[in-house]
Each structure stands twice: as structure tokens, then as C-alpha cells.
Amino acid sequence: MNLPELAAFLKSRRDRVRPADVGLPVGPRRRVPGLRREEVAQLAGLSADYYTELERGRGAQPSAQTLSALARALRLGGDQRDHLFHLADRPLPESAHGVGARHVQPALLGLLDRLATTPAQVITDLHETLVQNELAVALLGRAPEPRGPATGFAYRWFTDPASRAVYPAEDHAHHSRVFVADLQAVAARRSRDSEVAGMTAALRRRSEEFAALWDTHDVGLRRTDHKRIVHPTLGVIELDCHSLFSEDGRQRLLWFTAPPGTEGAAQLELLGVIGTQDMGADENVSSRTRR
């Protein structure tokens, strides 16, 4: 591991990220145009002392998870992220079954930072939650850490009945059809991708419902949807879900809204007040920890 070069690279990237780029206020006492060390640490979910040691060219070799968190916090593009992994002597994320797709694209992350008053999150095209804001955590709960195909909510939808509790039972058939049509479109676009082929093959074996819907060959990316979400405190919340796709289609920014004056809008306001205090073990999406 090249500690001096790693330290210099981190500092150079920190100096180039403006506070406004990550939703931080620009106060009159700020002496540098870029981020402070403690701000990078906070964004990456690290201790300030640990990050400071890294920038000083000391400390233990950072894990792949830590490097990914730093890449997100510093808004690194693909080449810059790969360089960070090289300097830390870690394998590139792409070497592990498409994990590279879990590096949140900076443009989507920048937009997410600006959606502070509405639930929002970034997911992959296989419905793996990458990062979310606090209101999305309060609305949807937390997901398990990435471990194989079950990371994706679409996969869990057909293999884990408990995952369906987020929607009313009478809406399950609709969501099943939409999930499968969406995955059909993804599979066509990524036709030679072993990750998608393996996931769909596993779902066909494990779920008769999925197999039957897959054989209808209905295709349609989920761009917008009207959803009823079951919240443990507020009850059923009716919201519109919108999607913004990355250029390569591998990631999506989702955000939830309700028309002004509706019950859903009032419930969203209450959601901002109660936050995550009443969330139990519901684990449908991951928290925004900037891992």
C-alpha cells in the first residue's frame, strides 16, 4: 500500500469538493474552499481521527468498504475511485460479481443531497438500495447489508414473504407484475450479464409466481408509480414514486411525493417530525450511512 500517495490523493480530492456540493453550509469562518477533514469523515461514516491518520500517511490499510465510503463522500468518478483502490492495494470493486455498480454515481448522489424534504434513495437496476436520505429511512426502514442476490428488494419480494409487509396485501399482485416487467427490460439490456441471468434463474426455481409472470414476457421499466406504503406509526401513506435513471441505466434515483393538500402530504410532514424513532425491524431498504 502506498500510504504517502494515498494521503496526497485524498487531500487533493478533499480540496476540490465544495461544501455546497454535499449539502453543507458555507459559513464566514471557513478558511478553505474545500471540505474539512472532519466533514469528509462524517460523510463517509468514519471517525475524524481515523481519517486524519489516513491523510497524514499513517494508519492501517483501509477496507474496501471504507474506500467505497470515501469515494462517495469525495464524489469520485469511476477512474478516480479505481485509483483510490489501487493506492490502497485493494481489488477493484468490479472484480466481485458486479459490486462496482454499487458505487453511487456522483451526479445522482449530488441530486440526492438536495432532496432533503422528501424521501429519496439511489438503487441499482436490480433494486439494491445503495444510499438514502433520512426521510427514506423513516419511510421504508433498513435493508440487510449486501450479501448475494438477496440484497435486491425485487429478489426478496419473491423469496421472503416478510418483505411484502411494506405494501398492503391487495397491492401485492400489482407490484409483482411491475417487478417482473422491470427485470425483463433489465435482462434484455444486460443480455450477457451473468449476475442478471443467475438472479432470474434462481427466482424461476424458487418462486412459481415469478416463473409464471416471467413467461408472460411483459416488459416495462418502472419509471413512475403510485404506491401505498404501510408505515408502522402513520398507517398507509399514498405517494407517487418517481425515477431518474443514470446514463447507463444501472442506477436510479427514486423520490416520493404527494400532491399538496392531500393526506399523503400531511403524513410526509409528520414523517419528518417522528423520523426513525418508531421504526422497528422493518428492513426493506438500506440506511444512508455513506459506506
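Structural remarks
- The residues of the chain present an accessible area of 48 Å² per residue when probed at 1.4 Å with all protein chains retained.
- Sorting Y50, Y155 by accessible area puts them as Y50, Y155; the probe is 1.4 Å, largest comes first, and only protein heavy atoms count.
- Ratio Rg/Rh [Cα only; Rh per Kirkwood] for segment 112-188: 0.97
- Label-to-label distance, nm, for residues given as R36 and Q80 (7 Å Cα→Cβ offset): 2.2
- Note on the chain: with neighbouring protein chains present and a 1.4 Å probe, carbon and sulfur make up 52 percent of its accessible heavy-atom surface.
- Loop-located trypsin sites (Lys or Arg not before Pro) across segment 156-243 with a Cβ neighbour count of 14 or fewer within 10 Å are R192, R223, with loop assigned by DSSP.
- Counted residue by residue at 0.36 nm each, then reduced by the alpha carbon distance between them, the extension gain from N2 to S191 reaches 64.2 nm.
- Segment A211-D15, extension gain: residue separation times 0.36 nm, minus the distance between their alpha carbons: 65.4 nm
- Listed residues M199, M1 arranged by accessible area, highest first, probe 1.4 Å: M1, M199
- Model label points for V236 and A169, set 7 angstrom from Cα along the Cα-to-Cβ axis, are 1.3 nm apart.
The values are calculated or read from the model by the stated rules, or taken from the named source; none is laboratory data. All values reported here derive from a predicted model rather than from experimental measurement. So basically every Cβ, Gly included, is an ideal-geometry build from the backbone, and we count neighbours across all protein chains shown. When the accessible area is computed, the model is the full protein with side chains, heavy atoms only, and any ligands, DNA or RNA have been set aside. Shrake-Rupley method; radii C 1.70, N 1.55, O 1.52, S 1.80 Å.
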